[in-house]
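Scroll down for the structure; my scribbles are underneath it.
The values are calculated or read from the model by the stated rules, or taken from the named source; none is laboratory data. Fair warning: this is a prediction, and the values are worked out from it, not measured in the lab. Backbone-built Cβ (ideal geometry, glycine too); neighbour counts: all protein chains shown.
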Amino acid sequence: MDQAEQLRNIIKAHGAPYRPLARVITVTSGKGGVGKSNTAINLAIQFRKMGQRVIILDADFGLANIEIMFGAVPKHNLSDLIYQGKNIKDIITWGPMEVGFISGGSGIAGLSNLSREYLIYIIKNLAELDAIADVVIVDTGAGISEAVLEFLVASGEILLVTTPEPTSITDSYSLLKALNRHPRFFSEASQIKVIANRVESQNEGQTLFNKLNAVVSRYLKLPIIYLGAVPQDNQLSKAVMQQMPVSLQSPAAKSTQAFEMIAARLMNKEENNNLKKRGMAAFFSHIVTGKKPQG
């Protein structure tokens, strides 16, 4: 019996019916300032345009990038679910196009210290996201920290955002190296997909990926997939300044079209035949229990 099945049985035993599992996509980067949170939000908007129900979990502790870009301040966060008895629906803030947003606050950091009864309560609530959302996007912190690595190890689908800056490419490699060395990382159970951001051309994006892939393949023997590139775009910069996703503010912008193409590829059934949905209960139970995820 794998870990996800064990958690489903616990949840079922405590009164929560079985539901289809949400697709959990974790967005990360090797360094800050490369457009990771902006990528998460615009992909969420594009998924909504395709009819998907989307929740963003902001796991970038100490920063409020998602809520700033949403132009909304959440009344509650994950800590209120854990310590104040709120349920999952209480802590969701609804943003543009009914994209849901959950502020992680400092709540996730304390999960490992909770009693079994508390964990069952929390995981039951988090499992409710499988009924509320088709896709849950987890926006991690930037860089190589234990908290970031725990999210990546738990995730079956990782989007790595990088830019042509040499430091960004180097930091992306360092992140993948740290992930590959993590004792509970299982490469066969995860897909790592790369987005080249702020490029001058599609050729520059492909070249960026080729450079990263060359060193990752040689030294880490880790398969990575190229999703596409998002161009440097003044319309995107203006949208950020006005706290609006460029996908809503400027539908004809080059960056919007790029996000649309990347989202379409992520939703392409033929390209995702081997992708196994884990759902939110299994995702968080891995973070709590520290067990290796199963395929």
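Reported count of residues in the stretch 67-95, each being in a loop (DSSP other than H, G, I, E, B) and exposed (fewer than 13 other Cβ atoms within 10 Å of the Cβ), is 5.
The condition (being at pLDDT 95 or above and touching a Leu at 6+ places or on another chain (Cβ under 7 Å)) is satisfied by just one residue among Val54, Val27: Val27.
Does Ala40 count as assigned to a loop (DSSP other than H, G, I, E, B) and either at pLDDT below 75 or among the hydrophobic types (A, V, I, L, M, F, W, C) (or both)? Can you show your working first?
Numbers: assigned to a loop (DSSP other than H, G, I, E, B): no; either at pLDDT below 75 or among the hydrophobic types (A, V, I, L, M, F, W, C) (or both): yes.
Taking the combined requirement at face value, the residue does not satisfy it.
Selection of first residues in the stretch 76-90 that are at pLDDT below 80 and hydrophobic (A, V, I, L, M, F, W, C) and of second residues that are assigned to a strand (DSSP E or B) and surrounded by fewer than 18 Cβ atoms within 10 Å (Cβ to Cβ), restricted to Cβ pairs under 7 Å at least 6 apart or on distinct chains, gives an empty result.
Per the conditions (1) in contact with a Leu (Cβ under 9 Å, 6 or more places away or on another chain); (2) part of a helix (DSSP H, G or I), the sole criterion not satisfied by Thr167 is (1). Looking across the stretch 170-184, just one residue is touching a residue at least 60 places away in the same chain (Cβ under 8 Å) and under 20 Å from Arg278 (Cβ atoms), and that is Arg184.
From the set of residues in the stretch 256-277 that are polar (S, T, N, Q) and modelled with pLDDT of 95 or more, which is farthest from Asn42 (Cα to Cα)?
Looking only at the stretch 256-277, we keep the residues that are polar (S, T, N, Q), and these are 256-257, 268, 272-274.
Then drop every residue that is not modelled with pLDDT of 95 or more, which leaves 256-257.
Details: Thr256: 8, Gln257: 11 Å.
Step by step, filter the stretch 256-277, then rank; the result is Gln257.
The listed residues are Ala44, Ala59, Ala40, Ala72, and the only one of them that is within 13 Å of the chain's Cα centre (by Cα) and farther than 25 Å from Thr167 by Cα turns out to be Ala44. Only one of the numbered conditions (1) surrounded by fewer than 18 Cβ atoms within 10 Å (Cβ to Cβ); (2) at pLDDT below 95; (3) on the phi < 0 side of the Ramachandran plot is violated by Phe283, and that is (1).
Report whether or not Ile192 is touching a strand residue (DSSP E or B) at 6+ places or on another chain (Cβ under 6 Å), farther than 16 Å from Ile41 by Cα and touching a residue at least 40 places away in the same chain (Cβ under 8 Å). Answer is no for this residue.
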